[in-house]
Amino acid sequence: MHNDKNLHRTYETTLYAQADTAQALHMEPSERAARYYIVSYGCQMNAHDSEKIAGLLESCGYQQADNQDSAHLILFNTCCVREHAEKRVFGNVGALKKRKDEDPSLIIGVCGCMMQQKDVAERLFSRFPFVDFVFGTHSMHQLPQMLRHVLRGERQFLVFESPGEVIEGLPSKRMQGVSASVNVMYGCNNYCSYCIVPYVRGRERSRESGMILDEIAALAKRGYTEIQLLGQNVNSYGKDRGGIPFAQLLQMANDIDGIRRIRFMTSHPKDLSDALIESMTALPHVCDHLHLPVQSGSDRIQALMNRGYTRAYYLGLVEKLKKANPHIELTTDIIVGFPGETDEDYRQTLSLIEEVEFSAAFTFMYSPRAGTSAASMPGQIPAALKKERLLELNALQQRQTQKTNAHYIGTIGEVLVEGCDQRRESLLYGKLSCFKMVYFPGDPSLVGTYQTVYIKSTKSNSLVGELDK
Ligand code: SAH
Ligand code: SF4
Ligand code: F3S
């Protein structure tokens, strides 16, 4: 077993560099009120990385800009999980050339998963000579040092092959409103045959439980009542370091004063233990929702995907979950058009959707990723067929979503108010514990509070209610 204390390095070791950067910034009075804008792509994990990057930039003296046009520093935090995510980044970075020509003091950076693929990062860096710095997912904590060099006019390229230790203590500027994200682990060991994530995020590294719980307690003190625990496979939390398992971590988080809601993602079905199902059911602050990506309803495709479970096993889990908590809502991820997917395999996915009645599904057309084993599998499916399957699948899921929404009509539930509608301030929105979004009229001062709402009707992807008096 590892000694927890040896596995992480705190951010203090890089603080000296921060001071240098601040000095560099202060030498240029015009830079003192420099503003940054981060364009974030991809998953929750990346969104939370952007919060840390924002925290680092603020510790260097930068302030957040309202939009890209008013920023002195623009940073793209990229995703590469599917091809079109990559294309968008090249397009959006390229579009800044004109602005950089007009204003050479503009600083442009690109980071994140796509840049962790060294060949892609090199391609971008040479194709867009006006990009000032590029760094991968494993070098985020070096941002202040990089910036210092950039401010001296040196281009920077920092892509580390391996992740190194978990770095604790990075400042974070939370931008996601009433709910705060907390990493429990980084990386992924699963190597699903279609997926690039293990290559760009490295092997699983769990954070020390004490660090996680301290962070949650500090967030609770600052007024956050909902936390979202993040990891590519939270169910295997602790296994890499011989620490406490995820079920126990949940229990300890549940007991922190001030925390009223705990969500977590993502759960891999193969690692969803009975102990975790029990904890989820017994702990009052763990929400009535589980995101449980199934990817396909066909045993054959699940095996080719290297998912490590069968359709029957997945359906068995769903049964256990619903039995343990009849209020639970399930959401999922599905890929259509995986290499070799026959019409029959695809029908199996449709029938699984009908059987489970997911509350919502994130659906994707399979996108070949260089370096993954599925990219060279025989039987690649033509784009037109993938699209046809996706459209049919989405229509079916839409009907399922409506069906699950309808169960709520006439019920009363507790909503954590997240914000007001952009066009109508008096229209509030927020989620039930089960992750269903509810819209209802109310005063904007209620944002951040819990309200009891009566559900009157449904829309295609949300519920409509009124405050219960
Ligand atoms: N760790 C999470 C999800 C990570 S990526 C999990 O295991 O569920 C989010 C989703 O993107 C995946 O669940 C999958 O449905 C989808 N995805 C990943 N790689 C893909 C690819 N090459 N083509 C299409 N969809 C993909
Ligand atoms: Fe990708 Fe699979 Fe890991 Fe999820 S569990 S990040 S889909 S390899
Ligand atoms: Fe997330 Fe995309 Fe990276 S899904 S982990 S940002 S490749």
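The values are calculated or read from the model by the stated rules, or taken from the named source; none is laboratory data. All values reported here derive from a predicted model rather than from experimental measurement. All Cβ positions, even for glycine, are placed from backbone atoms using ideal geometry, and neighbour counts span all protein chains on display. Protein only, heavy atoms only, side chains kept; ligands, DNA and RNA dropped before computing areas. Shrake-Rupley method; radii C 1.70, N 1.55, O 1.52, S 1.80 Å.
A compact table of results
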| quantity | calculated |
| --- | --- |
| Built amide H within the under 5 Å cut-off of S181, gap 5+ | Q228 |
| Region 412-467 - charge dipole about Cα centre, Lys and Arg +1 at Cβ, Asp and Glu -1, debye rounded to 20 | 240 debye |
| Carbon + sulfur, % of accessible area of region 226-299 - ligands and nucleic acids excluded, 1.4 Å | 47 percent |
| Spin-label model distance (nm) - K320 vs S105, 7 Å beyond Cα toward Cβ | 6.1 nm |
| Centre separation in Å (Cα based) which lies between region 270-327 and region 158-209 | 23 Å |
| Region 352-403 versus region 59-129: alpha-carbon centroid distance in Å | 30 Å |
| Stretch gain in nm, segment K98-I412, where the contour uses 0.36 nm per residue and the Cα spacing is subtracted | 107.7 nm |
| Only Lys, Arg (+1) and Asp, Glu (-1) charged, at Cβ; the chain dipole about Cα centre in debye | 540 debye |
| Listed residue (V415, P444, N461) projecting farthest to the positive dipole end of region 412-467, Cβ model | N461 |
| The chain: angle of helix 311-324 to the longest principal axis, Cα-based, in degrees nearest 10 | 80 degrees |
| Sites Y313 and K87 - FRET efficiency at Förster radius 45 Å, r taken between beta-carbons, to 0.05 | 0.80 |
| For E154, solvent-accessible area (1.4 Å; no DNA, RNA or ligand), Å² | 80 Å² |
| On Cα atoms only, tilt of 383-406 relative to the major axis of the chain in degrees | 60 degrees |
| Degrees separating the helix 83-94 axis from the principal Cα axis of the chain, which is the longest one | 30 degrees |
| Lysines whose Cα lies under 23 Å from that of K386, excluding same-chain neighbours fewer than 8 positions away | K87 |
| Relative contact order (percent, whole number), region 412-467, Cα cutoff 8 Å, 6+ residue spacing | 35 percent |
| Probe 1.4 Å, accessible area per residue of region 412-467, Å² | 49 Å² |
| Cα-based shape type of region 179-406, given that a ≥ b ≥ c are square roots of the gyration tensor eigenvalues and the cut on a/c is 1.5 | prolate |
| Label-zone membership for region 410-436, site S462, 7 angstrom Cα→C-beta point, backbone N under 16 Å | 415-436 |
| Pair-distance profile P(r), taking every C-alpha pair of the chain, with 10 angstrom steps and integer % | 4, 18, 27, 28, 18, 5, 0 |
| Reachable aspartates and glutamates from K52, criterion Cα separation under 14 angstrom, eight or more residues apart if same chain | E168, E215 |
